[in-house]
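What follows is one structure encoded as structure tokens, with my remarks underneath.
Just so you know, all these numbers are worked out from the coordinates, no wet-lab data involved. Because the structure is predicted, anything quoted here is derived from the model rather than measured. Because the Cβ atoms are built from the backbone with ideal geometry, glycine has one as well, and the counts that use them run over all protein chains shown.
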Amino acid sequence: MKAKKKVLLLATFFILSVFLYACKEDNQSLSQKDLEVTNPEKEDRGDKQEDFIEKEDVEEDRQKQLAGDIPDFLENYFEFGTYSKKIRIPNTDNMECVAITEEKRMEIPECNVLSILLDTLYNDIVLYEGTPEEIKDFFGEISKLEFQKKKEYVDTLPLDADCVFEADNIMVNGHGNYIRMHIRSFSDGIHYFDIYQENQDVIYASAKSESLLGMVKTMAGLKSVDISKLEKIDKLEAFIDNLWIPLDEEKKDMFQAIFKEKVKKIKNYSGGCPFDYRLKATLHDGETVDIYYASDSCGALVIGDSTYEVELAAKEEEFKYRDQLADFFSKP
């Protein structure tokens with residue numbers, strides 16, 4: 001009887017030992033698995049492609065960013081705002097800086113696009129609010145171009161320029177360094193790039209692309225307008241004191257006569273005139289045309305993707321037609 005109890009006791013002790021050993025091994029396996037998940041040395045590279053500056057609290061992150069040591073070449077750019085959600089441009093092979101390769105391609109580093117600021121033909125800077133897919137396509141189109149490096153900034157303004165698009169792309173790379181990519185696009189399909197980066201030399205380069213020209217015009221909401229249509233206006237309004245004020249028939253007829261006989265097409269960027277006056281013409285077919293008129297004496301008008309100039313009159317009444325348009329904005 002004692003022998004049976006002894007055997008039973010030994011069997012129970014053996015089973016208990018095996019059970020405890022198995023539990024210990026299971027716990028070790030779990031710990032190792034947890035370690036592999038959290039150990040950054042063993043993280044999969046694909047996981048690192050997540051937004052590397054995205055924070056749980058976006059507003060807090062933005063305040064820290066704006067309060068940080070922003071380089072001089074970005075001074076005042078953040079007053080126009082940034083995207084609420086950063087848009088990542090992936091590049092696992094380059095975390096450093098923008099570069100022009102030996103194959104004359106632009107390599108863009110792993111980065112987050114903070115904003116794209118459009119400088120309109122009528123001197124108004126606006127934040128481009130395209131979808132992430134549109135912005136990635138924009139940078140993808142840039143990466144396809146064949147670039148020619150320039151030794152210095154190419155100043156083609158204002159003598160022979162017909163610039164239809166200008167933008168500043170503000171980015172931050174994987175190391176937290178800022179990048180400003182300034183682009184000027186011209187009606188002949190030439191694009192000039194000036195790229196400013198922390199701890200890097202400025203890059204000046206150019207490329208030609210009709211497809212990029214079409215893309216940037218769409219981004220800026222630019223369209224060609226047949227100004228002959230302005231001879232048939234149902235309603236003409238002036239923007240005065242933040243209100244659209246309908247103009248009377250006399251002024252509408254005067255406007256149509258000036259456009260028919262006294263306006264000529266000129267190249268864009270005509271001297272940086274201040275376009276403080278706005279008109280809106282509603283045509284017979286219901287189409288509306290936005291018109292921006294310079295508030296100085298240069299007589300420049302921006303309509304769609306083009307700039308026009310109101311001609312001067314005879315010497316004794318040199319600014320007659322320009323003054324007539326300016327009078328549209330005089331308060332009653």
*asked:* How large is the Rg to Rh ratio of the range 58-219 when both quantities use alpha carbon positions and Rh follows Kirkwood?
replied: 0.93
*State which entries of K235/K315; K86/K223; K252/K280; K280/K315 exceed 23 angstrom in Cα-Cα distance in the structure shown.*
K235/K315; K86/K223; K280/K315
_Net lengthening on full extension, K208/E107 (0.36 nm per residue, minus Cα-Cα)_ = 34.7 nm
*If the convex hull of the alpha-carbon atoms of the range 227-329 is projected onto planes in all directions, what is the mean projected area in square nanometres?*
6.5 nm²
*asked:* So for each of 240-249, 163-172, 216-225 I average, over its residues, the number of other beta carbons within 10 Å; can you give me the resulting order with the highest mean first?
replied: 163-172, 216-225, 240-249
*Just grab the label-to-label distance for I70 and D327, each label 7 Å out from Cα along the Cβ direction, in nm (one decimal).*
4.5 nm
*Report the semi-axes of the equivalent ellipsoid for the range 172-211 in whole Å, largest first, where each axis is √(5λ) for an eigenvalue λ of the Cα gyration tensor.*
25, 10, 7
*In whole Å, what are the Cα extents of the range 156-229 along the three principal axes, biggest one first?*
53, 25, 19
*Give the residue from G299, S228, P246 lying farthest towards the positive end of the charge dipole for the range 227-329; charges sit on Cβ (+1 for Lys and Arg, -1 for Asp and Glu) and the dipole is referred to the Cα centre.*
S228
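Quick one: pull the percentage of alpha-carbon pairs in the range 141-187 with a separation above 17 Å.
On the way: 568 of 1081 pairs.
So the pairs more than 17 Å apart make up 53 percent of the total in the range 141-187.
What's the extension gain from T288 to D241 if we count 0.36 nm per residue and subtract their Cα-Cα distance? All intermediate terms of the calculation are to be shown ahead of the outcome.
Details: separation 47, 0.36 × 47 = 16.92 nm, distance 2.06 nm.
My answer for the length gained is 14.9 nm.
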_Given points 7 Å out from each Cα along the Cα-Cβ axis, report the A161 to T120 separation in nanometres with one decimal._
1.8 nm
*Under the Kirkwood approximation for Rh and a Cα-based Rg, what ratio Rg/Rh is obtained for the range 153-304?*
1.07
